[in-house]
Amino acid sequence: MVYPPGGRFGPRIQQDIQLVMLYSGEMDVTIGDRKLHVKPGNVIMLMPGHEEYFTFSKKEDTWHRWIGVHVPMLEREIFEQLSLLPECLPLSENMNRLLDLMLRIQQYTSVTDPLLISLAHAALQLYPSESKQLMQKQEKHPAVYAAIAWISGHFANEFTLNDLAAVVGVSTEHLVRLFRQHENTTPMQYVWRYRVSQAVGLLTNTGLSITEIANRCGFKTSNHFARLVKKTTGHTASELRQLSWDGLRDKL
């Protein structure tokens, strides 16, 4: 769902447990008599029984996605555990991939399909796991979380460091410093590393041509793709595919 600048939604009474993922813009969620401000790159958990009212960024489009699970379909123990967790967490790559999978499956089935319901329950179980991991590791700057989340949804598109910095609301110099501090790399090096990882996944798990994979993963040319894959993995794209297929045959 994309809301234009100044968009609003509600009030409504929340009926489900919802995980709402924010990718661009910003939103304020009024829950009863309190307000929760959400920045890009975060996921919030909304619990049933509360009146909610959403106001979105006045300056730019606000893009968000969500997973909703009807409460009677949950075990009481799970519901009680979720109610004790933080309302907002950084949006992880695992959560984002799980939602991508659900949306692809939903194109061919209904929202009541048992597989979709199982994946939604998996998302609710992933949320407390990631909350625990967050408490155990050093907190990253919110701009880093926001940038990583945005990259995961836009890596196939062409964009610059200036574009990425503008999305997360910091200067390019500050974003470079933050990535060096928390990720031990630069923002654009992270982007190309992420593109290579996605491409390797397609190489080893699909029969798509190298040209098609390069296009899907944001590479300008097949030659550029080939050079980066070789530099990053030590193997050519063809070698990676053959090694994967050989391994599969050995397992069979």
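Structure notes:
- Only protein heavy atoms count here; on that basis, with a 1.4 Å probe, residue 182 has an accessible area of about 40 Å².
- Sequence of 179, 9 from largest to smallest accessible area, 1.4 Å probe: 9, 179
- Size of charge dipole - the chain - debye, nearest 20, with Cβ of Lys, Arg +1 and Asp, Glu -1, no other charges: 840
- Loop-located trypsin sites (Lys or Arg not before Pro) across the range 85-194 with a Cβ neighbour count of 11 or fewer within 10 Å are 137, with loop assigned by DSSP.
- Cα gyration tensor shape of the range 1-160, rounded if a/c is under 1.5, else prolate or oblate by comparing a/b with b/c: rounded
- For the chain, the longest principal axis of the alpha carbon atoms and the long axis of helix 93-106 meet at an angle near 80°.
- In this view, the solvent-accessible surface of residue 54, computed with a 1.4 Å probe and all protein chains in place, comes to about 10 Å².
- The accessible area of residue 150, taken with all protein chains in place and a 1.4 Å probe, comes to roughly 30 Å².
- Modelled spin-label separation between residue 28 and residue 121, with each label point placed 7 Å from Cα along the Cα-to-Cβ direction: 3.9 nm.
- Loop GluC sites (Glu not before Pro), the range 144-205, which have at most 15 other Cβ atoms in a 10 Å radius of their Cβ (DSSP): 158
- Pairs of lysine residues in the chain - Cα separation under 30 Å, sequence separation of 8 or more or cross-chain: 18
- Between residue 47 and residue 183, the FRET efficiency estimated from the beta carbon spacing at R0 = 41 angstrom works out to 0.80.
- Modelled this way, with points 7 Å down the Cα-to-C-beta line, the labels at residue 84 and residue 97 are 2.9 nm from one another.
The values are calculated or read from the model by the stated rules, or taken from the named source; none is laboratory data. Bear in mind that the values here come from a model prediction, so they are computed numbers and not experimental data. For neighbour counting, all protein chains shown are included, and Cβ atoms are generated from backbone atoms with ideal geometry for every residue, glycine included. SASA here: full protein model, heavy atoms, side chains in, ligands and nucleic acids out. Shrake-Rupley method; radii C 1.70, N 1.55, O 1.52, S 1.80 Å.
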